[in-house]
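Novice: Okay, handing you the structure first.
The values are calculated or read from the model by the stated rules, or taken from the named source; none is laboratory data. The structure displayed is predicted, hence computed values, not measured ones. Because the Cβ atoms are built from the backbone with ideal geometry, glycine has one as well, and the counts that use them run over all protein chains shown. Note: areas computed on protein heavy atoms with side chains; ligands, DNA, RNA excluded. Shrake-Rupley method; radii C 1.70, N 1.55, O 1.52, S 1.80 Å.
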Amino acid sequence: MSMSSMMALGQFIFGLDSLAYQQLQRQQDWRHPSNSRVGARPARQFVGPGEDSITLTGVHAPEFRGSRRVLDDLRAMADAGKAYALVSGTGDVLGAWVIDGVQESASYFTAQGVARRVEFTLTLKRVDDHLAEPDGGAQGGSDPWWDDDDDFWQWWLL
C-alpha cells in the first residue's frame, strides 16, 4: 500500500484519493452460553469467538477528491458475496471480512442532480480466514486457473 493508504479491503484501497473514513468502530463478542442451575448462578462455558464487526463512517466529496463510483465499487464487491483480506495502513492483517452493508446519504446537489457531499457507512463482518479471496477480488482474466475453485495454487504445481 502507498503512504496515503488508510486500509485495504482486498484490492479496494481506502485513502484520501479514493474513499477516506473519519471513524472506525469495532465490536467483538465472545460466546459464553449458560445453563440454569438450582440454587446457584447459571453455569457458563466459553465456546469460542462470536461476531466481529467493523463500521467505517465518513464523508465523501467526489468533486474534491476521489471518484463518484467508489461506493458502486464496494457494492459490486458485496454483490459478489466474497470475503476479502482486510489490511491496515501499517500492514497489520486483520483477517477475512465480508461487506455486510453500505449506506449513503447524499446532499448539496448540482443542477444535474449530482451530489457534492455523500455521507457513508460501511459495515464489515469477520469470517474464517480461509474464506478470503486469494486474488483479493481482482479479476483473473481469461486464464482458466483463476476461475478454478478447487485450489488457487494448483498452477504452481504444473
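Novice: What FRET efficiency comes out for D128 versus Q25 if R0 is 22 angstrom and r is the Cβ-Cβ distance? Round to the nearest 0.05.
Specialist: For D128 and Q25, the calculated efficiency is 0.50.
Novice: Would you please name the trypsin sites (Lys or Arg not before Pro) within region 42-116 that are DSSP coil residues with at most 15 other C-beta atoms within 10 Å of their C-beta?
Specialist: Sites meeting the loop and neighbour criteria: R65, R68, R69.
Novice: I'd like to know how region 1-66 sits against the 2.2 N^0.38 Å rule of thumb: what's its Cα Rg over that expected value?
Specialist: Computed over Cα atoms of region 1-66, the ratio equals 1.89.
Novice: I would also like to ask the following. In what order, largest first, do F64, F109 sit by accessible area if the probe radius is 1.4 Å?
Specialist: In descending accessible area the options line up as F64, F109.
Novice: Now a separate question. Starting from the 7 Å offset along Cα-to-Cβ, what nm value, one decimal, do you get for the label separation of R75 and T121?
Specialist: 1.8 nm
Novice: Label point 7 Å out from T110 along Cα-to-Cβ: which residues of region 64-93 have amide N under 20 Å?
Specialist: Residues 64-73 fall inside that zone.
Novice: In square angstrom, what is the accessible area per residue of region 39-104 with a 1.4 angstrom probe?
Specialist: 57 Å²
Novice: Then there is this: Just order 13-21, 28-36 by mean Cβ neighbour count inside 10 Å, highest at the front, would you?
Specialist: Going from most to least packed, we get 13-21, 28-36.
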